[in-house]
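Q: Okay, handing you the structure first.
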Amino acid sequence: MAITEKYIIMCDDFRREDNGKLLLVGMYITDMTVPSLPFPLPTLVFFCVLESDRPGTFRFSFKLRHEESGRSIAEGIGQAPVGDPRLPMVMPVKIGGLLISAPGLYTFSLEFDDQAPIVRTFNVLLVVPGTLLQGPPQIRR
C-alpha cells in the first residue's frame with residue numbers, strides 16, 4: 001500500500017456547498033499567528049489531499065504535537081475509503097476544542113498502517129494585533 005501526499009492545507013474550517021464544492025475558511029498560508037496565549041481554537045482542519053495506489057479502506061492515526069515541549073495536544077484514529085485510485089483522496093482531518101498554550105514549532109503527522117508518516121510542520125507566532133498586516137502595498141504611477 002502506498003498513500004502519498006499531494007498537498008495539505010491548514011485552515012480554521014471547511015464546508016460543503018449545495019453544489020458539492022468545498023469552501024475552506026481561514027486558510028493559514030505558512031504559520032499561525034495568535035494575538036495572545038493561551039489561545040482557544042474551536043476547530044483546526046488539516047485538509048489533506050492524498051493519492052492511493054489501490055482501492056480500499058485504510059486505517060490511519062493522526063497526532064498534533066508541540067515540538068519544544070514534546071506534548072501531544074491532539075490525536076485520533078479513523079478510516080479513509082478509496083474507491084477509484086485514479087482520483088485524489090480528499091480527507092479533511094478536523095480537530096475541535098484546541099487550546100494553543102505555547103508558541104513555537106508544531107507538527108501534524110498522519111500515519112497509515114505500515115507506512116512512514118506524512119508530516120506537516122508550522123510555527124505558532126505571538127503577534128500583537130495590528131502589527132503584522134499593515135494593508136496592501138501602495139503603488140504609485
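Q: Between beta-carbons, use under 15 Å as the cut-off and find the net charge around Gly56, counting Lys and Arg +1, Asp and Glu -1.
A: Around Gly56, the surrounding residues sum to -2.
Q: Separate question: In what sequence do Thr33, Thr57 fall when counting other Cβ within 10 Å, fewest first?
A: If I rank by nearby Cβ atoms, fewest first, I get Thr57, Thr33.
Q: Let me ask another. Going by how many other beta carbons lie within 10 Å of each one, how would you line up Arg15, Arg65, fewest first?
A: Details: Arg15 9, Arg65 18.
Least crowded to most crowded, the residues run Arg15, Arg65.
Q: All other residues with a Cβ under 11 Å from the Cβ of Tyr28 taken together, and with Lys, Arg as +1 and Asp, Glu as -1, what is their net charge?
A: Once positives and negatives cancel, what remains is -1.
Q: Which of Leu44, Leu64, Leu126 moves most in a GNM of the chain, Cα contacts under 10 Å?
A: Of the options given, Leu126 has the highest mean-square fluctuation.
Q: From the backbone phi of the stretch 59-71, what are the Karplus-calculated ³J(HN,Hα) couplings (6.51 cos²θ - 1.76 cosθ + 1.60, θ = phi - 60°) in whole Hz, Gly and Pro given as x?
A: Karplus values, whole Hz, x for Gly and Pro: 7, 9, 9, 9, 8, 10, 9, 8, 5, 5, 8, x, 7.
Q: Also: Give me Cys11, Cys48 sorted ascending by neighbouring Cβ count inside 10 Å, so fewest comes first.
A: Cys11, Cys48
Laboratory data are not the source of any read-out in this text; all were calculated from the coordinates shown. In this text, all values refer to a predicted model and were calculated from it rather than measured experimentally. Here the Cβ is made from the backbone with ideal geometry for all residues, glycine too, and neighbour counts use every protein chain on show.
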